[in-house]
Amino acid sequence: GENVEQHPSTLSVQEGDSAVIKCTYSDSASNYFPWYKQELGKRPQLIIDIRSNVGEKKDQRIAVTLNKTAKHFSLHITETQPEDSAVYFCAATLINQAGTALIFGKGTTLSVSS
Amino acid sequence: GAVVSQHPSRVICKSGTSVKIECRSLDFQATTMFWYRQFPKQSLMLMATSNEGSKATYEQGVEKDKFLINHASLTLSTLTVTSAHPEDSSFYICSARAVGLAHSYNEQFFGPGTRLTVL
């Protein structure tokens, strides 16, 4: 089955700095890689995603890169702001008997100090 | 669009009782719904995949007789925690994958979660 590793578990940056979170996955059949932001007690919110046929995608201050050969993908947040502080999860698709599910990394707690 | 609701948002029950959690897709049809469990400061762990009209597929280590899943319609899936015990206390989150939405590609839309506390 799919296994997703995420690093670092915690990340502290100063406002305005960049933040990078990295994930690796094990199943070469995975074809969809979303990133979620979760605030305490709330549902995960999709912030950006990438399909396996694309190497990079950007949306304003957020970008994701994918290296299929190495089976790793990364989240890049530029010009960080205090409101970016949250837990971020990467995920990768798992193909199982029932269809396609998502397997999540363990999460990264991002703290942006002003 | 693509809104998923869950009910109840919070539930406190006594040990040994059963609790039913509902997950509804409000403005789209969902052939597939997923149930996750999240313990404090941990990640979302996939419990089961639920397809409309068929039996759920449970992940390894998840007891299907304890966590009963029913997906009777394209907009509703239910998770029943039977004979709940304190160790079942957790945040349960459902998600749904849409049928026919132009912007979706394996994208899952999450419900707001249900906080279960078993005394």
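Express the carbon and sulfur contribution to the solvent-accessible surface of the stretch B:1-104 as a percent, rounded to the nearest whole number, probe 1.4 angstrom.
Details: 2660 of 5210 Å².
Ligands and nucleic acids excluded, carbon and sulfur reach 51 percent.
Using only Cα atoms, what is the ratio of the radius of gyration of the protein assembly as shown to 2.2 N^0.38 Å?
1.01
Please give, to one decimal in nm, the separation of the simple spin-label points placed at B:LYS55 and B:LYS20, each 7 Å out from Cα toward the Cβ.
In this crude spin-label approximation the distance works out to 2.2 nm.
Can you put A:ASP59, A:ASP84 in order of accessible area, largest first, using a 1.4 Å probe?
I get A:ASP59, A:ASP84, largest accessible area first.
Give me the 1.4 Å probe accessible area per residue for chain A, excluding ligands and nucleic acids, in Å².
For chain A, the per-residue accessible area is 49 Å².
For B:THR114, A:THR10, what's the largest-to-smallest order of accessible area, 1.4 Å probe?
Details: B:THR114 0, A:THR10 95 Å².
Most to least solvent-accessible, the answer reads A:THR10, B:THR114.
Count, for each residue of B:40-51, the Cβ atoms from other chains sitting within 10 Å of its Cβ, then give me the mean as a whole number.
What the average comes to for B:40-51 is 5.
Which of the listed residues, A:GLN14, A:ASN67, A:SER52, is farthest toward the dipole's positive end in the stretch A:1-75, when Lys, Arg count +1 and Asp, Glu count -1 at the beta-carbon?
A:SER52
From the backbone phi of the stretch B:60-74, what are the Karplus-calculated ³J(HN,Hα) couplings (6.51 cos²θ - 1.76 cosθ + 1.60, θ = phi - 60°) in whole Hz, Gly and Pro given as x?
Listing the rounded values in order: 4, x, 9, 7, 5, 7, 8, 10, 8, 10, 10, 10, 7, 9, 6 Hz.
Based on alpha-carbon positions alone, could you give the equivalent ellipsoid semi-axes of the stretch A:1-96 from the gyration tensor, as √(5λ), descending, whole Å?
Computed over the stretch A:1-96, the values are 23, 15, 12 Å.
For chain A, what is the relative contact order in percent, using Cα pairs closer than 8 Å and at least 6 residues apart in sequence?
Relative contact order, chain A: 36 percent.
Show me the GluC sites (Glu not before Pro) within the stretch B:32-119 that DSSP assigns to loop and that have at most 12 other Cβ atoms within 10 Å of their Cβ. The partial results should precede the final answer.
Values: sites: B:GLU52, B:GLU59, B:GLU63, B:GLU87, B:GLU107; in loops: B:GLU52, B:GLU59, B:GLU63, B:GLU107.
The qualifying sites are B:GLU63.
Please give the total accessible area that chains A and B bury against each other, computed with a 1.4 Å probe and expressed in Å² to the nearest 100.
Buried area (both sides, nearest 100 Å²): 1900 Å².
Using Cα-Cα distances under 8 Å and only pairs 6 or more residues apart, what relative contact order does chain B have, in percent?
Working: 301 pairs, mean separation 43.2, N = 119.
Computed value for chain B: 36 percent relative contact order.
Projected onto the charge dipole of the protein assembly as shown (+1 at Lys/Arg Cβ, -1 at Asp/Glu Cβ, origin at the Cα centre), which of B:TYR36, A:ILE77, B:LEU116 gives the Cα projection farthest towards the positive end?
The residue sitting most towards the positive pole is B:LEU116.
With no other cysteine's Cβ closer than 4.7 Å, which Cys residues of the protein assembly as shown count as lacking a disulfide-compatible partner?
Singleton cysteines: B:CYS13.
Principal axis extents for chain B, Cα atoms only, whole Å, descending order, please.
Extents along the principal axes: 44, 27, 22 Å.
Note down the magnitude of the dipole of the protein assembly as shown about its Cα centre, charges +1 on Lys and Arg C-beta and -1 on Asp and Glu C-beta and zero elsewhere, to the nearest 20 debye.
Its charge dipole is roughly 360 debye.
Please identify the longest segment of chain B free of exposed trypsin sites (Lys or Arg not before Pro), where exposed means a DSSP state other than H, G, I, E or B and no more than 11 other Cβ atoms within 10 Å.
On the way: sites that count: B:LYS14, B:LYS41.
It runs B:42-119.
Counting other Cβ atoms within 10 Å, which GluC sites (Glu not before Pro) in the stretch A:5-90 have at most 15 and lie in a DSSP loop?
A:GLU15, A:GLU39, A:GLU79
The values are calculated or read from the model by the stated rules, or taken from the named source; none is laboratory data. Here the structure is a predicted model, which means the values were calculated and not measured. Methodologically, a virtual Cβ is constructed for each residue, glycine included, from the backbone with ideal geometry; neighbour enumeration extends over all protein chains shown. For accessibility, only protein heavy atoms count, side chains too; no ligands or nucleic acids. Shrake-Rupley method; radii C 1.70, N 1.55, O 1.52, S 1.80 Å.
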